[in-house]
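Below is one structure; the comments refer to it alone.
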Amino acid sequence: MRQVELTIFSVTELVTPPLEDVILPGVTRDSVLALARDHANGKLKLNLPSNFVVSERPINMKEIKQAAESGRLLEIFGAGTAAIVCPVKAIGYLGKDIPVPVGEDGMGPLTKTFLEEIQKRQLGVVESDWSVTVTNGKD
């Protein structure tokens with residue numbers, strides 16, 4: 001499964017590593033980033049903070065650990081074709097688990113927003129240039 005960690009460190013920043021090394025390109029990753037960027041630039045209004053920023057930059061475990069310890073780590077989720085988005089509850093690092101907030105229903109509000117928005121487009125609930133209506137050929 002193609003997967004990328006998308007990490008929210010504060011109320012405003014969604015961080016994902018750039019496409020290199022072990023991060024693979026994929027439709028789901030692109031979809032999450034497109035939704036996030038459209039919200040950030042005002043083109044689309046989603047259930048995300050109004051001062052939302054999208055960053056593609058290297059991220060390491062030390063930064064994640066520090067964000068968790070300071071209370072700035074809000075969510076981590078993976079994105080991929082089979083799972084769409086999947087919350088991460090903890091990350092093992094140097095023999096200890098770094099807990100990640102997941103909310104009461106096991107999914108944080110930002111992860112839930114991305115999942116719902118992608119599913120709305122997949123099901124045709126929201127019109128999108130990402131999808132094409134297929135008919136049975138009858139007029």
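Please work out how much length the chain gains when fully extended from D105 to Q122, using 0.36 nm per residue of separation minus the C-alpha to C-alpha distance, in nm with one decimal. Can you show the working numbers first?
Details: separation 17, 0.36 × 17 = 6.12 nm, distance 2.29 nm.
Full-extension gain reported as 3.8 nm.
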- [ ] Could you point to the label whose value was computed as P(r) over Cα pairs in 10 Å bins from 0, in percent for the structure here, given (i) 10, 32, 33, 19, 6, 1, 0; (ii) 11, 41, 34, 10, 4, 1, 0; (iii) 11, 37, 36, 14, 2?
- [x] (ii)
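What does the charge count around L94 come to, taking other residues whose C-beta lies under 11 Å from its C-beta (Lys +1, Arg +1, Asp -1, Glu -1)? Numbers along the way, then the final one.
Numbers: positive: K62, K65, K96; negative: D97.
Its environment carries a net charge of +2.
Just the number please: accessible area per residue for the chain, 1.4 Å probe, all protein chains included, in Å². Present the calculation step by step, with values, prior to reporting the outcome.
Details: 8510 Å² over 139 residues.
That works out to 61 Å² for each residue.
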Open item on the list: Please check: in the Gaussian network model of the chain (C-alpha springs, under 10 Å), which one of N41, N51, N60 has the largest mean-square fluctuation.
Closed with: N60
Open item on the list: For a quick check: with amide H placed at 1.01 Å from N, whose amide H comes under 5 Å from L44's, ignoring anything fewer than 5 positions away on the same chain?
Closed with: H39
Open item on the list: Filter K43/K112; K96/K120; K65/K120; K45/K112 down to the pairs with a C-alpha to C-alpha distance above 26 Å, please.
Closed with: K96/K120; K65/K120
Open item on the list: Using only DSSP helix segments of four residues or longer, with each worth -39500 (n - 2.57), what per-residue ellipticity at 222 nm results for the chain after dividing by its residue count and rounding to 500?
Closed with: -8500 deg cm²/dmol
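How large a share of the accessible area of the range 59-121, in percent, is made up of carbon and sulfur atoms when the probe is 1.4 Å and the other protein chains stay in place?
On the way: 1840 of 3400 Å².
Reported share for carbon and sulfur atoms: 54 percent.
What percent do you get for the relative contact order of the range 23-135 when only Cα pairs under 8 Å and 6+ apart count?
On the way: 108 pairs, mean separation 24.4, N = 113.
Dividing the mean separation by the residue count of the range 23-135 yields 22 percent.
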Task: Cα convex hull of the range 76-118 - mean projected area over all directions, nm² - done: 3.3
- [ ] Would you grab the residues whose amide H sits under 5 Å from the one on V54? Only those 5+ places off in sequence or on another chain, please, with H modelled 1.01 Å from N.
- [x] L14
Open item on the list: Residue by residue through the range 93-106, what is 3J(HN,Hα) from phi via Karplus (6.51 cos²θ - 1.76 cosθ + 1.60, θ = phi - 60°)? Round to whole Hz and write x for glycine and proline.
Closed with: 8, 6, x, 10, 8, 9, x, 10, x, 10, x, 4, 9, x
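The values are calculated or read from the model by the stated rules, or taken from the named source; none is laboratory data. Only a predicted model underlies this, so the values are computations on that prediction, with no experimental measurement involved. Neighbour counts are summed over all protein chains in view; Cβ atoms, including those assigned to glycine, are modelled from backbone coordinates with ideal geometry. Heads up: the accessible areas ignore ligands, DNA and RNA and are worked out on the full protein's heavy atoms, side chains in. Shrake-Rupley method; radii C 1.70, N 1.55, O 1.52, S 1.80 Å.
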